[in-house]
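Colleague: Please find one structure pasted underneath; my questions will follow.
The values are calculated or read from the model by the stated rules, or taken from the named source; none is laboratory data. Note that the structure is a prediction, hence the values are computed from the model and not measured. Neighbour counts are summed over all protein chains in view; Cβ atoms, including those assigned to glycine, are modelled from backbone coordinates with ideal geometry.
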């Protein structure tokens with residue numbers, strides 16, 4: 001892990017500078033600078049619009065009671081794309097465009113989601129949902145969650161929190 005971070009922080013800037021020098025020799029210095037500024041501006045606006053669309057999908061899935069796992073990973077990828085497109089250089093721009101474009105972002109997100117292990121264990125395997133000091137009757141059977149709940153609508157005012165017994169013991 002340390003070597004990977006060293007490679008990112010040492011090798012990547014060296015490669016970026018070498019590539020910018022090469023592109024500058026081919027296109028010219030000011031054209032290269034203009035291209036870097038253009039990718040930053042366009043990337044920022046695309047990240048914003050894609051992020052808003054992704055946020056709408058997350059909200060829609062949550063409204064329908066579904067878990068937005070892929071959409072959350074795509075949101076993280078959009079954040080990374082924004083950082084990559086903001087950094088000057090062509091390698092980081094390429095990675096940012098991969099994470100920004102929907103037809104490449106979605107397969108990468110599916111791959112990443114398949115590699116993540118999300119485990120939800122129930123009472124039979126040793127998990128107990130704690131509610132207060134006791135255990136609840138929370139059970140999971142496939143996609144159905146069963147449990148008891150009590151709706152409390154009475155609002156307790158701060159001056160009414162103590163009952164008569166507590167006031168006598170002051």
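Colleague: Given (1) modelled with pLDDT of 90 or more; (2) surrounded by 12 or more Cβ atoms within 10 Å (Cβ to Cβ), identify the lone condition not met by residue 109.
Modeller: (1)
Colleague: If I go through the stretch 85-103 residue by residue, how many of them are part of a helix (DSSP H, G or I) and under 27 Å from residue 10 (Cα atoms)? Give the steps one after another, and end with the answer.
Modeller: Going through the stretch 85-103, the residues part of a helix (DSSP H, G or I) turn out to be 85-86, 90-100, 102-103.
Checking which are under 27 Å from residue 10 (Cα atoms) leaves us with 85-86, 90-100.
Selection size over the stretch 85-103: 13.
Colleague: Suppose the filter is touching a residue at least 60 places away in the same chain (Cβ under 8 Å) and surrounded by 11 or more Cβ atoms within 10 Å (Cβ to Cβ); does residue 78 pass it?
Modeller: No; evaluated as a whole, the condition is false for this residue.
Colleague: Can you report the number of residues in the stretch 20-41 which are surrounded by 14 or more Cβ atoms within 10 Å (Cβ to Cβ) and touching a helix residue (DSSP H, G or I) at 6+ places or on another chain (Cβ under 8 Å)? Don't jump to the end; show me each part of the working.
Modeller: Pass one, the stretch 20-41, residues surrounded by 14 or more Cβ atoms within 10 Å (Cβ to Cβ): 20, 23-24, 32-33, 35-36, 39-40.
Applying the additional criterion that residues be touching a helix residue (DSSP H, G or I) at 6+ places or on another chain (Cβ under 8 Å) yields 20, 23-24, 32, 35-36, 39-40.
Count: 8.
Colleague: Continuing with the same structure: Of the conditions (1) in contact with a helix residue (DSSP H, G or I) (Cβ under 9 Å, 6 or more places away or on another chain); (2) loosely packed, with under 11 Cβ neighbours inside 10 Å, residue 6 fails just one. Which one is it?
Modeller: Just one mismatch for residue 6, condition (1).
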